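Nothing in this text is a laboratory measurement; each read-out follows from the coordinates by a stated rule. None of the values given here were measured: they were computed from a predicted structure. Cβ sites come from the backbone with ideal geometry, for glycine too, and all protein chains shown count toward neighbours.
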Amino acid sequence: MVAPEVYLRAYLGWFGGLVPLDVQNRARARGLFDAWDDYLSALGLPDYKTDLPRQTQSNTLMLATLGRLGEALCVRAAEHDLHAKMPLDQRVVFAFELAPSDDDAAFAARFDVLHRTFLGYPARLAPGDRVAKFHALFQEVAARHTAKGPLTADETAWVAVCTALVQHPEAELY
């Protein structure tokens, strides 16, 4: 089990541009939090260290909560960066312009931006055919998209790619 602090620190770095110490210092100055345990309880996460009989349940709940948090942050980043059409220098995660989703080279270039952000190295160095698999995911989500929310089909597909990278097993290493 990866400690929840690892996920929270990664999320703060990826989506907020802040290091955890900055966030903690800002919160402490306002009297909100004293330690990382305060962040966990504020998110409603169980204390997996003291609840030994229910540790397996606690770990499962914690991973599910952190997974949903990652997904919510990807949606929020897409709303901010892509849907609001922010200038590139003001974007948090999606530091690229949208292009036609059928172009393999255009997708690979944009995917590389997210891959470097969340996994820390270029997508071309990834094992297997990761770019092709994620492009297939992108196209599937875009094709199934129905206009129920504020995001377009391509924006929703990028949210799916972002979420998959945030929850990728390698992401916690970086």
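Quick look at the numbers
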read-out: Failed item in (1) outside any loop (DSSP other than H, G, I, E, B); (2) closer than 20 Å to Glu155 by Cβ, with Glu97 passing the rest; value: (1)
read-out: Among the residues listed as Thr163, Thr117, the single one being assigned to a helix (DSSP H, G or I), of a type in the set (S, T, N, Q) and within 19 Å of His83 (Cα to Cα); value: Thr163
read-out: Total residues in segment 66-87, condition in contact (Cβ under 8 Å) with a residue 24 or more places away in the chain and of a type outside the set (Lys, Arg); value: 13
read-out: Filter result for Val141 (part of a loop (DSSP other than H, G, I, E, B), in contact (Cβ under 8 Å) with a residue 12 or more places away in the chain, farther than 19 Å from Pro169 by Cβ and among the β-branched types (Val, Ile, Thr)); value: no
read-out: Pairs with Cβ under 7 Å, 6+ apart, first in segment 105-122 and hydroxyl-bearing (Ser, Thr, Tyr), second part of a helix (DSSP H, G or I); value: Thr117/Trp14
read-out: Single residue of segment 62-101 satisfying the filter (in contact with an Asp or Glu (Cβ under 9 Å, 6 or more places away or on another chain) and polar (S, T, N, Q)) that is nearest to Leu8 (Cα to Cα); value: Gln90
